[in-house]
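For reference, the structure is listed below as structure tokens.
The values are calculated or read from the model by the stated rules, or taken from the named source; none is laboratory data. Keep in mind the model is a prediction, meaning the values are calculated, not measured. Because the Cβ atoms are built from the backbone with ideal geometry, glycine has one as well, and the counts that use them run over all protein chains shown.
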Amino acid sequence: MTAFASGEDFSQVSLFSLRALLEESMRRVPARERLDAMLDRLVETMAYHKVSLELLDVPLPTVRLSLSRGPKALFASPDSPKPASAHLSLICVPIAAHGQRTDEPTSLGTLCAEMPEAPPVFLERHRDFLLTAAAVFAVTASRLLLEKTPPPQAEHAPAPLSENHSTQEQRMVAVSKNMRQAHRQIERAAQSSSPVLLRGEEGAGKGYLARTLHALGKPERPFQRVACASEPPEAAYQALFLAQGGDLFLEDVDGLPIEVQHALLRFLKEGTIARPGADTPVALNVRIIAASRANLEDLVESGAFVKDLYRALSAQTISVPPLRDRTGDILPLAEYFLTRYAQTKGAPFKRISTPAIDLISQYHWPDNVPELRSSMERALDQSEDGVIRAYHLPPSLQTAESSHTESTLSFGEAVDQFEKELLIEALKKNKGNMFQAAKELRESYRVVNYKVKKHAIDPKRFTSGKKNGR
């Protein structure tokens with residue numbers, strides 16, 4: 001595949017390349033080693049003349065980390081990036097992360113690719129692809145920065161938040177554009193004490209974002225959570241007093257009784273509230289973080305939710321996208337849950353096999369993040385060697401109907417998937433012998449060799465002296 005493929009072919013190659021990058025990014029090796037392998041795969045899958053990654057914020061004195069892959073020098077000089085040849089085009093995109101206190105992304109460095117000269121329409125395709133690839137590189141680059149950063153020597157560290165290991169670590173899981181946007185909104189909201197309303201499906205991550213908001217704004221202060229739909233009304237009053245100086249997270253705020261909704265509205269307006277059965281109101285300093293999966297507009301219309309409370313809460317509204325709408329986060333989240341669970345149970349986690357990656361990526365995850373987490377924990381429980389394979393995944397992921405692959409796979413993608421399976425089966429049967437596999441498939445060795453490289457299949461895995469890695 002050349003750099004100037006047709007639009008349909010380019011889409012297939014770029015999707016295959018992104019999948020290869022994600023697979024490399026999830027290997028259980030140091031981040032620097034991951035970055036090296038990812039650059040190798042980028043050159044291999046996209047046929048670039050040269051690729052280069054430069055990180056500007058490595059926390060070591062006077063150090064700027066520069067990595068490159070390709071046969072020739074990429075730049076004429078380090079300080080003035082331009083193609084080494086007049087017949088080559090150079091595209092550079094930022095490697096961006098998002099800071100804790102700013103709405104603007106922070107540049108970690110640049111990702112550059114050198115390729116033959118081409119009309120603008122082709123270069124624009126590669127620019128868009130590289131912008132997406134840069135988001136994958138940003139995850140591993142951020143982990144490299146964490147590995148190189150010495151732990152802070154603080155006089156006292158805030159107590160860790162329950163239900164998550166590290167807010168900073170989880171924040172880097174946000175690869176998709178819409179989840180990064182939600183994080184930027186959270187970072188902006190953390191700079192004020194105004195109420196925040198989180199809206200999204202059950203399991204989409206509203207609770208995680210609420211804890212992130214607290215950690216960014218008032219990590220040393222109390223954080224109280226009330227499940228409004230399942231706890232008695234007095235629980236909200238009690239939690240409000242316990243959260244003095246900090247944040248109160250009202251999960252399923254639409255589950256509050258009407259009288260409690262009115263009391264909450266008075267608190268938001270006046271900053272005071274009376275304990276149940278008391279006449280004297282007490283002044284409190286508590287930020288309200290509310291969450292709802294319901295259609296609040298319909299509830300307001302029917303009188304089930306106080307209209308003025310809806311207006312007060314929705315001044316800062318953040319929509320939390322479901323997992324099916326942020327597919328770029330699925331594999332990084334899967335790796336995060338596998339790593340965390342492996343540490344908890346003291347079991348090894350090495351990698352996710354390619355067939356398992358396909359199933360995980362194609363499934364629509366109707367129960368969102370909790371379903372992904374439980375599926376990964378179940379898979380690791382069943383794995384004996386720390387490799388997650390397709391048959392370790394729940395049955396719901398292993399049928400076309402349940403994973404929605406019938407409607408989401410294009411014709412070209414389905415053909416590619418079938419072609420890859422035929423190649424793997426032929427190589428398995430012939431113990432990795434390419435000539436015998438080509439003979440069985442009734443195809444020339446040249447074509448089979450090209451297809452094997454296209455699908456990044458390693459025939460050596462199927463030789464008799466090596467254990468099958470699938």
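General observations
- Within the range 350-365, considering residues that are in contact with a strand residue (DSSP E or B) (Cβ under 8 Å, 6 or more places away or on another chain) and not in a helix (DSSP H, G or I), the one farthest from Asp381 (Cα to Cα): Ser353
- Only helices (runs of 4 or more DSSP H) whose full extent lies in the range 167-241 are considered here, and the ones with at least 2 residues that are aliphatic (A, V, I, L, M) and touching a helix residue (DSSP H, G or I) at 6+ places or on another chain (Cβ under 8 Å) are 177-189, 206-217.
- Selection of the range 294-308 for residues being aliphatic (A, V, I, L, M) and out of contact with any His (no Cβ under 8 Å at 6 or more places or on another chain) yields Ala294, Leu296, Leu299, Val300, Ala304.
- Within the range 321-336, the only residue that satisfies the criterion of being closer than 23 Å to Ala190 by Cα and touching an Asp or Glu at 6+ places or on another chain (Cβ under 8 Å) is Pro322.
- Selection of the range 363-372 for residues being touching a Phe, Trp or Tyr at 6+ places or on another chain (Cβ under 9 Å) and buried (at least 19 other Cβ atoms within 10 Å of the Cβ) yields Val369, Leu372.
- Set Pro94, Pro78: member being modelled with pLDDT of 80 or more and either in contact with a Leu (Cβ under 7 Å, 6 or more places away or on another chain) or not small (Gly, Ala, Ser) (or both): Pro94
- One residue from Leu264, Leu242, Leu284, Leu213 being touching a residue at least 60 places away in the same chain (Cβ under 8 Å) and assigned by TED's automatic domain parsing to the domain that holds Leu299: Leu213
- Within the range 2-59, the residues that satisfy the criterion of being closer than 15 Å to Phe129 by Cβ, of a type in the set (Asp, Glu) and either buried (at least 17 other Cβ atoms within 10 Å of the Cβ) or at pLDDT below 80 (or both) are Glu8, Asp9.
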